[in-house]
1. For the chain, report the convex hull volume of the alpha-carbon atoms normalised per residue, in Å³, without decimals.
2. Where only protein heavy atoms count, and the probe is 1.4 Å, what is the accessible area per residue for the chain in Å²?
3. Using only the Cα atoms of the range 68-151, each taken as one equal point scatterer with no solvent, compute I(q) by the Debye sum, divide by I(0), and report log10 of the ratio at q = 0.25, 0.27 Å⁻¹.
4. Evaluate E = 1/(1 + (r/R0)^6) for Asp19 and Asp120, where r is the Cβ-Cβ distance and R0 equals 30 Å; express this FRET efficiency to the nearest 0.05.
5. Which of the peptides 12-21, 35-44, 89-98, 139-148 is most tightly packed, and how do the rest follow, going by the mean number of other Cβ atoms within 10 Å of each residue?
6. Keeping the other protein chains in place, figure out the carbon and sulfur percent of the accessible area of the chain, with a 1.4 Å probe.
7. Just from its helices, what would the mean residue ellipticity at 222 nm be for the chain, if runs of 4 or more DSSP H residues each count -39500 (n - 2.57) and the sum is divided by every residue, rounded to the nearest 500 deg cm²/dmol?
8. Using the alpha-carbon atoms, what tilt in degrees (0 to 90, nearest 10) does helix 32-59 show relative to the longest principal axis of the chain?
Amino acid sequence: MHLTTYLGLADTGEQTLADSFRQVSSGHGDEPDVRELTERFADQCDEHRRLLAPLTERYGEHAEEEPERLHAEGLPGTRSGGVGLLRDLHDLYLLASYLDIAWTMVGQAARAVRDQELVDVVSTCEQDVQGQLAWLRTRMKAAAPQALVVG
């Protein structure tokens, strides 16, 4: 069963996204909304991992033996200035998108095996990730004119 592969992707992706949200929160602490919301989103990722833990224990968390072609890498650091913030938010958006589609795949499998507990966890996590994506998109749209035109 390859569901275990995607459970592993979701678990690793949540950890990577939590670490990256905290990195941006720390690196852009002079932006109060960024600091507070990225900390809140990091806590959501931690909660998702907590919800997922009993399910990965039940199904297992399998890592494929083939090389990973696509995986979620966290942010190694933050950039400075307006363009730096924009690029860091863009990186977070890509990580959250990766996780969003991983949750979608897990949700489809959960419905196929009729595991209501897993369906419920996926539903919670998907809603939170979609909220993160919506905020990131809105914040990038607000930051782009100043960062890209004024400098």
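The values are calculated or read from the model by the stated rules, or taken from the named source; none is laboratory data. Keep in mind that this is a model prediction, so the values were computed, not measured. A quick note on method: Cβ atoms are made from the backbone with ideal geometry, for glycine too, and the neighbour counts reach across all protein chains shown. Calculation scope for accessible area: heavy atoms of the full protein, side chains included, ligands and nucleic acids excluded. Shrake-Rupley method; radii C 1.70, N 1.55, O 1.52, S 1.80 Å.
1. On the way: hull volume 15.6 nm³, N = 151.
Residue-normalised Cα hull volume stands at 103 Å³.
2. Working: 8330 Å² over 151 residues.
Averaged over the residues of the chain, the accessible area is 55 Å².
3. Taken in order of the listed q values, log10 I(q)/I(0) reads -1.13, -1.21.
4. Numbers: r = 26 Å, r/R0 = 0.86.
In this case the efficiency is close to 0.70.
5. Working: 12-21: 21.7, 35-44: 18.2, 89-98: 19.8, 139-148: 14.4.
In decreasing order of mean packing, 12-21, 35-44, 89-98, 139-148 become 12-21, 89-98, 35-44, 139-148.
6. Numbers: 4240 of 8330 Å².
Carbon and sulfur together cover 51 percent of it.
7. Details: 4 runs with 115 residues, N = 151.
Here the helix-only value at 222 nm equals -27500 deg cm²/dmol.
8. That helix lies at roughly 10 degrees to the long axis.
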